Amino acid sequence: MKTPIYECLIKNKTKTKPIWFMRQAGRYLPEFREIRKLNPNFINLCLNNVLSSEITLQPLKRFNLDAAIIFSDILMVPYGLSQKVNFKKNFGPKLGDINLEKISKVNEMDFINKLKPIYKSIKNVKKNSILKNKDLIGFVGAPWTLLVYMINKNSPKKKLVKDFFKDDFLIKKTLIILEKFLKLHIKQQVKSGATIIQIFDSWAGLLEEKKLSNYVYEPTQNLVNYVKSLNVPVICFPRKIKNYKNFCENVKPDAISIDYNVDPKLIIKEIKIPIQGGLDPKILLSDKENLKKESLKYLNIFKNHPYIFNLGHGILPETDPMMVDYLVKLVKDY
């Protein structure tokens, strides 16, 4: 299937600029909020294949996007590994204590069965005619980011818990387990119909340069190589790292997603592979004039470079869907 994103990622063609958004299925849509009101347990909602399929398709019914991204969460992997995970209103994720003995005993079939509704949801979405000539993006959290959540037990926001690195055995063993089950989760998503995998490293920016090789480059490269072995393109989003060039040279993804703290003029000079994203989600909270000006900045900079239009992070809950509609049309008419 030669979709606009495929042409960009694999053929490096730039005739049109494909567009999708991180968190495009979510809280800014009134139709999502209706479902959420009746389903306060977030994990259960991710595991309801009927509702998660519906939520995945909601933005595509409104906007002419080039991809659906499955409605799920990176923390479904720790959940599949029997760590307690729940989401607290106005707080975010809360995880239970990490029990190495317990997660070491999880077998592959138990893990797949626990997350089966996600794979069923991908199959449901894949069958929908709205996906004709569009991609279906599956995703995982990068090993480092999942390790942060599993040991930190909640969002680190600005820093890791004190003594984060003190138990070297726990860290090494957890990373080995994570790699095994992340590969399994990727494989099941691809088998079910995902045509692209994105790896989210939300907390890559917490590490100093000298620690990136052990915790970010190597573990992520293992996943990237695995995705490529399944003949599926892979996009990496190492949020807030200082050196995207180093990341690309070490990890070798098919495309790199950049955050909004990055100067796109520097990125275009340094990076040869396809680039995704960059626009600050807060721009969508301003007015159309400003949105147009800021969006055209990215479109013009990456005019002759393979580029997928996206944001530098997820759509904010207070975003007006009309602004999203305006932006999609602007990119499509470019």
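Tabulated data for the structure shown
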quantity: Residue pairs meeting the criteria (Cβ under 8 Å; at least 6 apart or on separate chains; first farther than 26 Å from Ile271 by Cβ and free of Cβ contacts under 8 Å to residues at least 24 places away in the same chain, in the stretch 283-303; second aliphatic (A, V, I, L, M) and surrounded by 14 or more Cβ atoms within 10 Å (Cβ to Cβ)); calculated: Asn290/Ile283
quantity: Residues of the stretch 280-334 satisfying the condition of being outside any helix (DSSP H, G or I) and acidic (Asp, Glu); calculated: Asp280, Asp287, Glu318, Asp320, Asp333
quantity: Residue, nearest to Gly278 (Cα to Cα), within the stretch 226-246, restricted to residues that are assigned to a helix (DSSP H, G or I) and touching a residue at least 24 places away in the same chain (Cβ under 8 Å); calculated: Tyr244
quantity: Top-ranked residue in the stretch 148-179 [being at pLDDT 95 or above and among the hydroxyl-bearing types (Ser, Thr, Tyr); ranked as surrounded by the most Cβ atoms within 10 Å (Cβ to Cβ)]; calculated: Tyr149
quantity: Among the candidates Ser286, Ser257, Ser229, residue that is within 30 Å of Gly193 (Cα to Cα), surrounded by fewer than 14 Cβ atoms within 10 Å (Cβ to Cβ) and not hydrophobic (A, V, I, L, M, F, W, C); calculated: Ser229
quantity: Residues satisfying the stated conditions in the stretch 162-211, i.e. over 28 Å from Ser121 (Cα atoms), in contact with a strand residue (DSSP E or B) (Cβ under 9 Å, 6 or more places away or on another chain) and of a type in the set (A, V, I, L, M, F, W, C); calculated: Ala204
quantity: Lone unmet requirement of (1) assigned to a helix (DSSP H, G or I); (2) surrounded by fewer than 18 Cβ atoms within 10 Å (Cβ to Cβ); (3) not hydrophobic (A, V, I, L, M, F, W, C) for Thr145; calculated: (2)
quantity: Qualifying residue in the stretch 247-254 (condition: buried (at least 21 other Cβ atoms within 10 Å of the Cβ), in contact (Cβ under 8 Å) with a residue 12 or more places away in the chain and part of a helix (DSSP H, G or I)); calculated: yes
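For (1) outside any helix (DSSP H, G or I); (2) under 15 Å from Met150 (Cβ atoms); (3) at pLDDT 95 or above, each residue gets a yes or a no:
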{"residue": "Asn44", "(1), (2), (3)": "no, no, yes"}
{"residue": "Val50", "(1), (2), (3)": "no, no, yes"}
{"residue": "Ser53", "(1), (2), (3)": "no, no, yes"}
{"residue": "Asn90", "(1), (2), (3)": "yes, no, no"}
{"residue": "Pro93", "(1), (2), (3)": "yes, yes, no"}
{"residue": "Asn124", "(1), (2), (3)": "no, no, yes"}
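Every residue, every condition in (1) over 19 Å from Met22 (Cα atoms); (2) more than 18 Å from the chain's Cα centre (by Cα), yes or no:
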| residue | (1), (2) |
| --- | --- |
| Ile176 | yes, yes |
| His185 | yes, no |
| Thr195 | no, no |
| Leu207 | yes, yes |
| Ile235 | no, no |
| Arg239 | no, no |
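The values are calculated or read from the model by the stated rules, or taken from the named source; none is laboratory data. The structure displayed is predicted, hence computed values, not measured ones. All Cβ positions, glycine included, derive from the backbone under ideal geometry; neighbour counts span all protein chains shown.
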